[in-house]
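The values are calculated or read from the model by the stated rules, or taken from the named source; none is laboratory data. No experiment lies behind these values; they were computed from the predicted model shown. No Cβ is skipped: glycine too gets one built from the backbone with ideal geometry, and neighbour counts run over all protein chains shown. Please note that ligands, DNA and RNA were not included when accessible areas were found on the heavy atoms of the full protein model with its side chains. Shrake-Rupley method; radii C 1.70, N 1.55, O 1.52, S 1.80 Å.
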Amino acid sequence: MLSLDIPKSPSESELTYVTRILVVEDEELIREMVVLALKEQGYDVVTAIDGRTALNLLQEADSHAPLFDLIVLDLMLPQVNGLDLCRLLRYQGSTIPILILSAKASETDRVLGLEVGADDYLTKPFSMRELVARCRALLRRQRFAATAQNAVLQFKDILLYPEECRVTVRGEEVNLSPKEFRLLELFMSYPRRVWSREQLIDQVWGMDFMGDTKTVDVHIRWLREKLEQDPSKPKYIVTVRGFGYRFG
């Protein structure tokens, strides 16, 4: 049974770059609950009750600007089903993240949904808490990917060139290891956000990392030595005691 168990709204910084979601669902009750859950988080939500309407909205948006940051897509839709809509969008080159909702829970169905281009697959029944969490994850991933494609990230006198894997500090180029570069790129993409050691491990080393979380402290120390004028009094990578690290 669907549960309207909605977590607290995300911070303002989480909603700065991604706000509009297209919900394509023909079941009225589910559609209304999904819309309510997402609007409670501060997202702007547009709805469609069939695949043809959704396709028209997306094509109209593409003719001007990409108006949607995420699509929540039911599979069993009138006129154009969710699989065909997903397949068509990917064929047309759309990179909008797609979260599929479906009562079909078999492994074959999930694999098919992902193979035609969906980014995530959520089976019915589901809780609103899980739906919101999955939407946030897809939006964060999309935002970070877009940021990484920018020509340069800048914070004060630090410049980071993602495509060149190059960093300059106060006009001088510094040599960073791949992990140091990835850490700095993550920090500069989310200035002033506090990251725990566990979150940094997941983002930079991967969730299957089996080592000690103290490796984060070691890499932070190395980064400070290369970035800070006085590593003992850091101004860029700041320790937030009891929580983790913050950039800026």
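When the residues of region 223-240 are filtered to those that are under 16 Å from residue 174 (Cα atoms), out of contact with any helix residue (DSSP H, G or I) (no Cβ under 7 Å at 6 or more places or on another chain) and outside any helix (DSSP H, G or I), which remaining residue is least open to solvent (accessible area, probe 1.4 Å)? Among those residues, the one meeting the criterion is 228. Would you mind stating whether residue 47 is open to solvent by 20 Å² or more (accessible area, probe 1.4 Å), among the hydroxyl-bearing types (Ser, Thr, Tyr) and part of a strand (DSSP E or B)? Yes. Within region 202-222, the set of residues being modelled with pLDDT under 90 and open to solvent by less than 60 Å² (accessible area, probe 1.4 Å) comprises 204, 205, 206, 211, 213.
Can you spot a residue in region 79-97 that is open to solvent by less than 50 Å² (accessible area, probe 1.4 Å) and in a strand (DSSP E or B)? Within region 79-97 (the criterion being open to solvent by less than 50 Å² (accessible area, probe 1.4 Å) and in a strand (DSSP E or B)), the answer is no, since none of the residues qualifies. Take the conditions (1) assigned to a loop (DSSP other than H, G, I, E, B); (2) farther than 21 Å from residue 144 by Cα; (3) at pLDDT 90 or above; (4) small (Gly, Ala, Ser); residue 37 misses just one of them, which is (1). Candidates 109, 157: the one that is of a type in the set (Asp, Glu) and either loosely packed, with under 14 Cβ neighbours inside 10 Å or in contact with a Pro (Cβ under 8 Å, 6 or more places away or on another chain) (or both) is 157.
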